[in-house]
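Each remark here refers to the structure printed beneath this line.
The values are calculated or read from the model by the stated rules, or taken from the named source; none is laboratory data. Values in this document were obtained by computation on a predicted structure and should not be read as measured data. Cβ placement follows ideal geometry from the backbone for every residue including glycine, while neighbour counts extend to all protein chains displayed. Please note that ligands, DNA and RNA were not included when accessible areas were found on the heavy atoms of the full protein model with its side chains. Shrake-Rupley method; radii C 1.70, N 1.55, O 1.52, S 1.80 Å.
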Amino acid sequence: MASLFSGRVLIRNNSDQDELDTEAELSRRLENRLVLLFFGAGSCPQCQAFAPILRDFFVRLTDEFYVLRAAQLALVYVSQDPTEEQQDLFLRDMPKKWLFLPFEDDLRRDLGRRFSVERLPAVVVLKPGGDVLSRDATDEIRRLGPACFANWQEAAEVLDRNFLQPEDLDDPAPRSLTEPLRRCKYRVDREARGKRGPGGGSQPEGGRGAEGGAGDLF
């Protein structure tokens, strides 16, 4: 899958906007994952309406507030925004684990032609090997929500890594073999404390800041 972006730079949608500019970094983010290519634009009303749905879909599959292990899923925002400022504004409320292409990269337009994207928003689902699983999954995501992923995972024959240690892409340092047990104990203890009285709790992952539309693309 990393070959699709070979020789390119992908940027993480976090506050530092970390760049993935080596084959090793791209492989670590995309290997053995279903990859969603989200074609959208902040100036598109339909994209604005769909973005919160896609954000919730992604967070519920990848944020450990909801799941013990993040799903083997990556999302690349392929901006069709007319200006870089509109692109940045659109991404401000999106999850920090999203990736995106630099605004000046012509691959943004090339991918639209390659996958025959004709209107926005569009979500192309790719198997780990790069084959197309769905030309546009926007309606499926609206109807089924996170349940889509299990269907895609089975169809794509993605290797289930549930027997491996949890993976933290922000901290690649090795973890101990007892980490899964400690994480489970912490989750149970935290829930128990919440039942006894008020207390702080983990919150779902948010985006970088504030504003969250389909239309013909070509």
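Calculated FRET efficiency, residue 110 to residue 16, Cβ-Cβ distance, R0 = 25 Å: about 0.40 to the nearest 0.05. Take the Cβ atoms of residue 68 and residue 28, set R0 to 25 Å, and the FRET efficiency comes out at 0.75.
With the whole protein complex present, residue 104 retains an accessible surface near 140 Å², based on a 1.4 Å probe. Rounded to the nearest 5, the antiparallel percentage of DSSP beta bridges internal to the stretch 15-131 is 35%. Once all protein chains are placed together, residue 15 keeps about 110 Å² accessible to a 1.4 angstrom probe. Computed over the stretch 17-75, relative contact order equals 41 percent, with contacts defined as Cα pairs under 8 Å that lie 6+ residues apart.
Here the relative contact order of the stretch 61-132, from alpha carbon pairs under 8 Å that lie six or more residues apart, stands at 24 percent.
Arranged from highest to lowest average of other beta-carbon atoms within 10 Å per residue, in what order do the peptides 55-64, 149-158, 133-142 appear? It would help to have the intermediate numbers written out before the result.
Details: 55-64: 19.3, 149-158: 15.5, 133-142: 17.7.
Descending mean neighbour count gives 55-64, 133-142, 149-158.
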